[in-house]
Amino acid sequence: MSGGQSPGGVVPGNEGRDSEAAGAEARGGEAAGARRADGEAAGGEAPGTGPTPGPSCLKDEPRLARREGGSPDPRDVREPWARPETEQLDLPALMAFIRARCPWASAHTHVSLSRYLVEESAELLAAEEHLYGRPADGAGTAHDAARHEEAVDGVEGELADVLYQVLFHSALLDDHEEREPGETYARVETRLAAKLVRRHPHVFDSEHPVPLEQVQCAYRGVKDREKRTGLSAPEPPVPAQVRALALVRDALAVTEHRLGEGSAPRWPGERRGR
């Protein structure tokens, strides 16, 4: 024994106070137990215990319930989901929510999605064939005008489907490179704008019309400079190109079978071979 304690750990002369303290502690424990029981019976939590953290795709990041402008972060998939104002979202933001919340979209990769890009491109060509290649029967009639509007609508729809593929592949690259949602699509737009200006000096850096021969010659020069300076994207290796061509061939075969013989796409104004 030490510290002047008697057997049992009671300090001599404090027997009464120790007994009172022990009683108060027991009463406090009973009250805390009652509060826990009440909380459990009501389906709640005991005071001070806090909620059990659930799974989150944000991992160690703080929850971003609302991003700049009041839109929820699409990467935060903890339930209940915050519902975004879809009218306020641009295309990349819409795609980010779809990738995060749609089980079909979230399961795709560049490889599994690639055949859809080929199929949608073939269907776009078919829609253009229908618009530009069909015979002008009953020209000028209301029936023909309605058919024309229907064909135009079909081309617009297929263009939207091809753009959807660009959005989808951009979102996949966002995930792969751990970029902010929509960052790849913005980079693609920037690259395209720069390429359009760079490859059309006769449009943006000229005061007069330029003959086609000069345009073609200048274009070859621009392409050569792009390769020397690294501005052009490097070509994929040959094995990858071979696999891509095989994929295109298979997808076109499926699309041609679905569209039916005689519906193979051709460029506007091009005549079928006989």
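Counting only residues that are over 28 Å from the mean Cα position of the chain (by Cα) and either part of a helix (DSSP H, G or I) or modelled with pLDDT of 55 or more (or both), how many does segment 243-274 have?
6
I'd like the residue in segment 161-182 that is charged (D, E, K, R) and assigned to a helix (DSSP H, G or I) and, out of all such residues, is farthest from Ser106 (Cα to Cα).
My answer is Asp161.
Quick one: Ala139 ticks every box in (1) out of contact with any Ser or Thr (no Cβ under 8 Å at 6 or more places or on another chain); (2) modelled with pLDDT under 95; (3) assigned to a helix (DSSP H, G or I) bar one, so which box is it?
Checking Ala139 against (1) out of contact with any Ser or Thr (no Cβ under 8 Å at 6 or more places or on another chain); (2) modelled with pLDDT under 95; (3) assigned to a helix (DSSP H, G or I), the one that fails is (3).
Find the residue count for segment 181-196, including only residues that are surrounded by 12 or more Cβ atoms within 10 Å (Cβ to Cβ) and under 18 Å from Glu226 (Cβ atoms).
Within segment 181-196, residues that are surrounded by 12 or more Cβ atoms within 10 Å (Cβ to Cβ) and under 18 Å from Glu226 (Cβ atoms) number 4.
Are there any pairs with C-beta distances below 6 angstrom linking a residue in segment 159-179 that is outside the structural domain of Val111 (by TED's automatic domain parsing) to a residue that is modelled with pLDDT of 95 or more, with the two at least 6 apart or on different chains, and if so which?
none
Just name the residue that is surrounded by the most Cβ atoms within 10 Å (Cβ to Cβ) out of those in segment 70-115 that are β-branched (Val, Ile, Thr) and not in a loop (DSSP other than H, G, I, E, B).
Filtering first and then ranking leaves Ile98.
The values are calculated or read from the model by the stated rules, or taken from the named source; none is laboratory data. Just so you know, these numbers come straight off a predicted model, no measurement behind them. Note that we place each Cβ from the backbone using ideal geometry, even for glycine, and neighbour counts take in every protein chain shown.
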